[in-house]
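Step one of this worksheet: look at the structure below.
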């Protein structure tokens with residue numbers, strides 16, 4: 001109960017102000033993602049309202065912002081084009097169901113298998129993508145746009161030195177909006193991004209043919225969206241954990257994302273997940289608890305219902321300036337500074353992850369390739385098993401060092417010279433561990449090679465697990481089990 005109270009009411013002022021700042025920054029993003037998916041701008045805005053409110057209650061990472069995202073939007077294009085928006089709502093519901101089931105099976109634990117080099121590459125690539133996405137707003141812009149972006153950044157970085165009670169990004173947005181209105185400046189505003197209506201999301205059961213055939217249409221889209229959404233959410237949760245120096249429940253976050261998307265689909269929204277950009281804005285603006293996420297969704301609803309006329313006048317230059325702040329704060333600058341100090345393989349994985357994500361605009365592909373490269377590098381290093389031959393009390397002993405598994409089995413077999421060895425040899429596994437059946441088969445090959453010459457092989461130094469694996473495979477009792 002104390003934890004729950006702290007998460008909701010432990011930082012009321014900071015959470016509310018940060019949530020308001022995030023709500024303003026969500027609007028152009030949600031509209032842009034709606035355009036990408038090929039749906040009405042209100043679909044993305046409804047998704048951002050619903051997901052933010054639901055995840056604030058059901059999620060496992062307080063202070064993290066979830067809403068409509070570009071990573072999910074690009075996956076919906078084909079579905080909307082071929083079948084229409086009602087199928088999009090249905091696929092969002094199915095996405096939520098799949099994510100909740102994955103949460104029950106506790107897939108959140110697998111985020112620990114993402115290496116730090118891949119996580120750094122993910123963060124840097126996302127910062128670059130956010131930066132590149134802002135450049136489109138400069139097309140056809142005049143000098144006022146550039147001045148407004150510069151002014152916004154100046155307020156964000158200078159004001160906190162003198163005044164910290166209200167988030168600097170929020171003050172910057174308000175000041176630039178007032179200046180635009182008073183001086184009637186010719187700049188692009190939020191209203192130019194898309195049509196905003198003063199309506200809230202309403203319960204809506206997708207108008208589709210609920211059949212097995214429909215399920216087969218939806219399943220490929222929903223499964224892909226579920227995995228991409230969870231990957232981005234878990235990675236973002238890990239980043240927010242590090243930024244706030246707190247822990248989160250990854251499995252609860254997985255279930256929470258499922259609940260949020262399920263409810264979202266029933267209220268006419270497109271699929272969504274965690275947003276690293278808005279999460280960074282939230283944290284840097286002082287947001288730490290669930291109230292900040294709830295405020296972001298609730299205030300966005302208030303803006304659309306009561307203040308849509310005011311919101312339309314917010315200059316894009318101010319929001320672009322805020323997003324540039326996000327890029328600067330998100331990018332891990334130390335990774336560039338220390339790139340010569342880290343192992344070459346890890347530096348290579350980070351660079352490849354960044355390159356693939358930036359080139360494909362697909363976070364999941366870049367992260368997966370980075371993980372595979374890291375696994376291959378680790379596996380290659382582990383294949384370097386060492387077998388040393390020594391004479392002990394007139395007997396030849398082979399000492400094995402390193403992990404013994406499928407990757408090192410062939411090298412193990414090649415280390416023995418059966419023709420030149422005496423009638424009896426001993427293989428000492430005191431410095432090794434037998435991991436799989438391929439290793440067991442390799443030992444069998446060595447024993448068979450000596451047996452053909454009428455020679456005997458003794459095994460010793462096996463730990464309990466290795467010994468049990470050998471005995472299950474039919475080997476005779478071995479010498480000297482070690483604990």
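The values are calculated or read from the model by the stated rules, or taken from the named source; none is laboratory data. Computed from a predicted model, the values in this text were never measured in an experiment. Because the Cβ atoms are built from the backbone with ideal geometry, glycine has one as well, and the counts that use them run over all protein chains shown.
Of the residues 305, 230, 300, only one is farther than 17 Å from residue 21 by Cα, touching a strand residue (DSSP E or B) at 6+ places or on another chain (Cβ under 9 Å) and in a helix (DSSP H, G or I); which?
230
Does residue 215 count as assigned to a helix (DSSP H, G or I), at pLDDT below 90 and farther than 30 Å from residue 196 by Cα?
no
Among (1) modelled with pLDDT under 85; (2) within 19 Å of residue 242 (Cβ to Cβ); (3) surrounded by fewer than 17 Cβ atoms within 10 Å (Cβ to Cβ), which single condition is residue 336 missing?
Failed condition: (1).
Okay, residues lined up against (1) on the phi < 0 side of the Ramachandran plot; (2) at pLDDT 90 or above; (3) within 21 Å of the chain's Cα centre (by Cα):
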site	(1), (2), (3)
41	yes, no, no
65	yes, yes, yes
86	yes, yes, no
89	yes, yes, no
109	yes, no, yes
125	yes, no, yes
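Condition check ((1) outside the structural domain of residue 230 (by TED's automatic domain parsing); (2) touching a helix residue (DSSP H, G or I) at 6+ places or on another chain (Cβ under 8 Å); (3) assigned to a helix (DSSP H, G or I)) across all residues:
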site	(1), (2), (3)
356	yes, yes, yes
413	yes, yes, yes
419	yes, no, no
447	yes, no, yes
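With 365, 339 as the choices, which residue is within 21 Å of the chain's Cα centre (by Cα) and free of Cβ contacts under 8 Å to residues at least 24 places away in the same chain?
It is 365.
Which of (1) without any contact (Cβ under 8 Å) to a residue 12 or more places away in the chain; (2) under 30 Å from residue 234 (Cβ atoms) is the odd one out, the single condition residue 183 does not satisfy?
(2)
Looking for whichever is touching a residue at least 40 places away in the same chain (Cβ under 8 Å), closer than 25 Å to residue 360 by Cβ, part of a helix (DSSP H, G or I) and within 22 Å of the chain's Cα centre (by Cα) here; the options are 79, 75. Which one fits?
75
Can we say residue 375 is surrounded by fewer than 19 Cβ atoms within 10 Å (Cβ to Cβ), over 18 Å from residue 455 (Cβ atoms), outside the structural domain of residue 225 (by TED's automatic domain parsing) and within 21 Å of the chain's Cα centre (by Cα)?
Considered against the rule, which asks whether it is surrounded by fewer than 19 Cβ atoms within 10 Å (Cβ to Cβ), over 18 Å from residue 455 (Cβ atoms), outside the structural domain of residue 225 (by TED's automatic domain parsing) and within 21 Å of the chain's Cα centre (by Cα), residue 375 comes out as yes.
Identify the residue in the range 275-313 that is modelled with pLDDT of 95 or more and surrounded by 24 or more Cβ atoms within 10 Å (Cβ to Cβ) and, among all such residues, is nearest to residue 60 (Cα to Cα).
In this case the residue turns out to be 290.
Every residue in the range 169-187 that is more than 15 Å from residue 25 (Cα to Cα) and either in contact with a strand residue (DSSP E or B) (Cβ under 7 Å, 6 or more places away or on another chain) or not in a helix (DSSP H, G or I) (or both), please.
Within the range 169-187, 180, 184, 185, 186, 187 qualify.
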